Amino acid sequence: MILLTPGPTEIPGESIEAMSRKAHHRTSEFRKAFTSVVENLHWLFKTKNDILVFASSGTGAMEASVVNLFSPGDRVLICSNGKFGKRFAEITKSYGLNVDIYAEGWGKAINPEMVNEMLKKDTKAVFLTHNETSTGVANDVKAVGRIVKENGSLFIVDTISGLGVMEFETDRWGVDVAVSGSQKGLMAPPGLSFVSLSEDAWESHRHARLPKYYFSFDSYKEKLETGQTPFTPAIPLIFSLEKSLDFIKKSGLENLFKKYSALADMTRERILKMGLELFAERPSSALTSVRSPQNISSRDIVEHMKRKGIVIAGGQGQFKETIFRIAHMGYIERKHIEMCMDALSSVIQNLV
Ligand SMILES: *Cc1c(COP(=O)(O)O)cnc(C)c1O
């Protein structure tokens, strides 16, 4: 079976083996692995800012970035062009922030000019999704960042499925808070999440009055200095991620970006040859989203693919049954995409 879903992704054998390593977390052995992980995350995020590591799925770090930086009634602008942008809107609303929403159509990209129009003087922060995994659209983080910084607002970016797959420059693009997770471009198992925090983000944290405990940034920062976490870390996942980051470093980030981009091109060429239609404007190289042929539910396509040993994903939200998604990120090779395309071609022929 091969996983070609936009998270979790396939992971290197060494990362799987590393999970059986035995160690207590208050030991030098664990500290060494944890320190290596944090150091390599700085390299991957391209930042000098602090990076905190949580035992949670990516959504935990999204919520952490809200409860740690704001007070009830703070005005924020959410850029939403899919399920994950919408998630930021749901989180900020549930904590009583004053939420403006720039809602773009699913499959469309966030327009930086519209962000500019919707910003207000008192907009404390702008939230953007780097790679909108529900549709396969990559948003222009750099262009939006320039506009957000001109307004003096904080810039919070969800790069849970973009980091390690496409160019991402935390410091150069003015990203105050970058949120990511272990199970997509990082090629590790699910269960770890990360946030990077600029000086301005820390300043905002000092005045934030929303309640928090498990995710309170202070306690993580304090322990970070000693290569530890305030609560029991997900030890096997840290050992696993250590190996995955080693692999990413050895492969070379630029090489990986090029590889994914070539796999994306190849996938799209084959999809168009099959007479199918692509869904995303400004498509990301993490995944390709495809419209299901008329009268065929993407649920059936996914099911038939699974019987052939290839796991792809259906749509989400209102596109649950009308699109399907094929990821070309993670620990995979060209041959896996070829296998997937051959299988898809025969599944489509049998279903239409
Ligand atoms: C996967 C994903 C999430 C959610 O991550 P979980 O680990 O499932 O909580 C959030 N945002 C984006 C863009 C994602 O791809």
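The table for this structure:
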{"read-out": "Chymotrypsin sites (Phe, Trp or Tyr not before Pro) lying in DSSP loop within the range 177-265, provided at most 11 other Cβ fall within 10 Å", "value": "Y213"}
{"read-out": "Residues of type lysines that K93 reaches as a straight line, Cα spacing below 30 Å, ignoring anything fewer than 8 places off in the same chain", "value": "K83, K108, K120, K121, K124, K142, K149, K184, K212, K221, K320"}
{"read-out": "Student exercise, the range 1-135 dipole from Lys, Arg, Asp, Glu Cβ charges, in Debye to nearest 20", "value": "320 debye"}
{"read-out": "Antiparallel %, DSSP beta bridges [both residues in the chain], to 5", "value": "55 percent"}
{"read-out": "Integer Hz, Karplus 6.51/-1.76/1.60 couplings in order for the range 204-221, x for Gly and Pro", "value": "5, 4, 4, 9, 6, 10, 5, x, 6, 9, 4, 8, 4, 4, 3, 5, 5, 4"}
{"read-out": "The chain: calculated mean residue ellipticity at 222 nm from DSSP helix runs of at least 4, using -39500 (n - 2.57)", "value": "-13000 deg cm²/dmol"}
{"read-out": "Partners for K223 among aspartates and glutamates (Cα-Cα distance below 14 Å; same-chain residues under 8 apart left out)", "value": "D50"}
{"read-out": "Tally of Lys pairs whose C-alpha atoms are under 16 Å apart, taken over the range 241-296, 8 or more apart or cross-chain", "value": "4"}
{"read-out": "Modelled FRET efficiency - R0 25 Å, K308 with S261, Cβ distances, 0.05 increments", "value": "0.45"}
{"read-out": "Trypsin sites (Lys or Arg not before Pro) restricted to the range 1-90 and DSSP loop, no more than 16 other C-beta within 10 Å", "value": "R21, K22, R26, K48"}
{"read-out": "Accessible-area composition of the chain, carbon plus sulfur, in percent [1.4 Å probe]", "value": "49 percent"}
{"read-out": "Cα→Cβ-extended label distance, 7 Å offset, between L253 and S345, nm", "value": "3.7 nm"}
{"read-out": "Loop GluC sites (Glu not before Pro), the range 201-273 (other Cβ atoms within 10 Å of the site Cβ: 16 or fewer; DSSP)", "value": "E225"}
{"read-out": "Under the Karplus curve 6.51 cos²θ - 1.76 cosθ + 1.60, θ = phi - 60°, whole-Hz ³J(HN,Hα) for the range 262-273, x wherever Gly or Pro sits", "value": "5, 5, 5, 4, 4, 4, 5, 4, 5, 4, 5, 4"}
{"read-out": "Segment W43-M118, length gained on full extension (0.36 nm per residue, minus Cα span)", "value": "23.7 nm"}
{"read-out": "Derived scalar couplings ³J(HN,Hα) [the range 327-334; Karplus, 6.51 cos²θ - 1.76 cosθ + 1.60; whole Hz; x for Gly, Pro]", "value": "8, 10, 10, x, 7, 9, 10, 3"}
{"read-out": "Rg(Cα)/(2.2 N^0.38 Å) for the range 252-351, N = residue count", "value": "1.03"}
{"read-out": "Cα-based Rg / Dmax (Å) for the chain", "value": "20.1, 60"}
{"read-out": "Nearby aspartates and glutamates by direct alpha-carbon distance to K335 (threshold 16 angstrom, same-chain neighbours under 8 apart not counted)", "value": "E10, D265, E269"}
{"read-out": "Per-pair calculated FRET efficiency, R0 = 45 Å: E225 and I16 via Cβ, rounded to 0.05", "value": "0.90"}
{"read-out": "Accessible area in square angstrom per residue, the chain, 1.4 angstrom probe", "value": "41 Å²"}
{"read-out": "nm² value of the averaged projected area, convex hull over the Cα atoms of the range 148-193", "value": "3.2 nm²"}
{"read-out": "Spacing of the two label points (7 Å from each Cα toward its C-beta) at M274 and T35, in nm", "value": "4.9 nm"}
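The values are calculated or read from the model by the stated rules, or taken from the named source; none is laboratory data. Small disclaimer: the values here were computed from a predicted structure and weren't measured. For neighbour counting, all protein chains shown are included, and Cβ atoms are generated from backbone atoms with ideal geometry for every residue, glycine included. These accessible areas exclude ligands, DNA and RNA; they are computed on the full protein's heavy atoms, side chains included. Shrake-Rupley method; radii C 1.70, N 1.55, O 1.52, S 1.80 Å.
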